[in-house]
1. So what are the three principal axis dimensions of region 324-420 from its Cα atoms, in whole Å, longest to shortest?
2. Output the relative contact order of the chain, whole-number percent, from Cα pairs under 8 angstrom with separation of 6+ residues.
3. Placing +1 at every Lys and Arg Cβ and -1 at every Asp and Glu Cβ, with all other atoms neutral, what dipole size does the chain have around its Cα centre, in debye to the nearest 20?
4. Using the heavy atoms of the protein chains and a 1.4 angstrom probe, tell me the accessible area per residue for the chain in square angstrom.
5. Whole-Hz Karplus ³J(HN,Hα) for region 392-400, in order, using 6.51 cos²θ - 1.76 cosθ + 1.60 and θ = phi - 60°, x for Gly and Pro?
6. Of the residues 355, 266, 83, which exhibits the maximal mean-square fluctuation in a Gaussian network model of the chain defined by a 10 Å Cα contact cut-off?
7. Counting pairs of Cα atoms in region 40-87, how many percent are more than 11 Å apart?
8. Taking the Cα atoms only, what angle lies between the long axis of helix 138-154 and the longest principal axis of the chain, rounded to 10 degrees?
Amino acid sequence: MKYNRPRGTVDITPENSEKWIEMEQLLRTVAANYNVKEMRTPIFEHTELFSRAVGDTTDVVTKEMYTFKDKGDRSLTLRPEGTAGIARAYVENKMYALPEKLQKVYYMGPMFRYERPQNGRQRQFHQFGVEMLGVESPYVDVECMLMAVTIVEALGIKNIKLHINSLGDDESRTAYREALKNHFRPVLNDLCEDCQARFEKNPLRILDCKVDAKNPVMASAPRTIDYLSEKAKAHFDKVCNLLDDLEIEYVVDTNLVRGLDYYSHTVFEIISDDPKLGAGSTVGGGGRYNGLVEELGGPATPGVGFAFGMERLMLALDDEEDEENGIDVYVMPLGDEARDLAMQIITMLRANGFTCDMDYAGRGLKGQFKSSDRFGAHLSIIIGEDEVKGEYVNIRCNHSKEQSEVKLEDILSYIENHYEGDHEHE
Ligand code: HAM
């Protein structure tokens with residue numbers, strides 16, 4: 001019997017896990033820089049949470065959720081996104097009552113959507129997301145966008161654009177909904193079945209239909225920004241002015257409506273033109289969701305956030321050669337007695353903070369040197385029969401190729417001296 005991983009999933013092997021760890025560390029550093037704290041919520045939630053929060057006419061809810069019954073006959077769903085869980089936890093943990101009105105949190109982890117797998121699209125993928133809850137201010141929208149831009153810049157991802165739009169408040173959305181219905185009503189029979197259902201329930205979702213995307217009636221559809229209430233327009237104008245003042249480049253993209261139902265006011269996406277992702281691919285997106293917390297049974301609480309697809313960030317990263325991040329010491333014993341000694345040495349060195357490894361396969365010198373090379377070891381310690389008898393080892397610097405005989409009791413001080421002032425070992 002041969003087992004394969006499920007379609008749309010990947011194994012992150014040691015070969016590329018370093019890159020993931022580096023990215024995760026960078027994301028945590030940026031989060032700390034913005035004073036955003038980590039929050040961890042369950043990977044599965046009650047199905048009802050997602051149909052409520054994300055919207056039961058969205059593709060995510062109708063077509064892409066991994067939903068199952070547990071042994072207690074409860075309907076649960078593997079989270080397709082992170083915002084719903086955070087908003088649920090914000091209410092459940094009464095975070096609205098905390099003295100700090102603006103709660104800024106981030107999360108990082110796997111999400112699940114039953115989509116057609118392709119480059120940059122998986123069924124289990126990872127998101128890094130940020131949610132800022134509690135304050136309705138265009139400054140907070142801009143703080144989110146700034147953070148998103150900082151992340152792509154810190155990762156060295158080029159050819160990206162910040163697209164922004166506004167969906168407005170309830171008043172704007174009601175007016176816009178009517179305009180959309182008037183626009184689509186005469187051609188309703190030409191649209192797909194899904195769109196006909198969306199027409200009554202949620203006409204905005206017609207705009208992100210994949211089947212009817214090329215129908216010219218889409219391009220001529222009314223634009224949300226033409227239906228903004230005065231208040232919503234003032235909010236959006238302030239967002240744009242702040243971005244201008246901060247010299248953050250952006251384009252107002254009136255077609256941007258996002259695929260999840262909880263948004264109001266500002267929505268944005270970071271779009272990459274990197275050919276590795278396919279032109280015009282979205283690496284991250286988000287927006288304001290002022291009604292969500294209340295919808296989930298909490299007090300009326302404004303929120304804004306975004307999420308990046310980490311696989312897409314990874315694809316867009318420059319394929320720079322891995323910098324030196326090899327181990328400090330590789331110990332190469334020849335013979336049984338040497339092996340005993342080698343194990344004592346690595347244990348002592350590890351206890352002193354050095355990263356090291358040794359040969360357990362009992363290979364000859366040549367094979368062991370190859371491993372030392374593969375691990376990018378800074379130093380190799382060679383222990384043969386003579387060394388065991390004479391109670392010393394040979395330490396070779398793989399950079400300078402210098403080799404010295406070092407007494408057993410001097411190994412630690414020799415290595416420490418070697419590293420003195422060397423930033424590679426911290
Ligand atoms: P979203 O646009 O659905 O937003 O997803 C955010 C990002 O996740 C996308 O831009 C994409 O990079 C990545 N992504 C989505 N689906 C897949 C997939 N199947 N495979 C690989 N990557 C994928 C949200 O999820 C919102 N919760 C963002 C948000 C946070 N809005 C406010 N706060």
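1. 31, 27, 25
2. It comes to 15 percent, rounded to a whole number.
3. Taking the Cα centre of the chain as origin, the dipole is about 2280 debye.
4. I get 52 Å² per residue for this part.
5. 8, 9, 9, 10, 10, 8, 6, 8, 8
6. Top of the fluctuation ranking is 355.
7. On the way: 724 of 1128 pairs.
For region 40-87, the fraction of Cα-Cα distances above 11 Å is 64 percent.
8. Rounded to the nearest ten degrees, it is 40.
The values are calculated or read from the model by the stated rules, or taken from the named source; none is laboratory data. These numbers come from a predicted model, not from an experiment. We place every Cβ from the backbone using ideal geometry, glycine too, and count neighbours over all the protein chains shown. These accessible areas exclude ligands, DNA and RNA; they are computed on the full protein's heavy atoms, side chains included. Shrake-Rupley method; radii C 1.70, N 1.55, O 1.52, S 1.80 Å.
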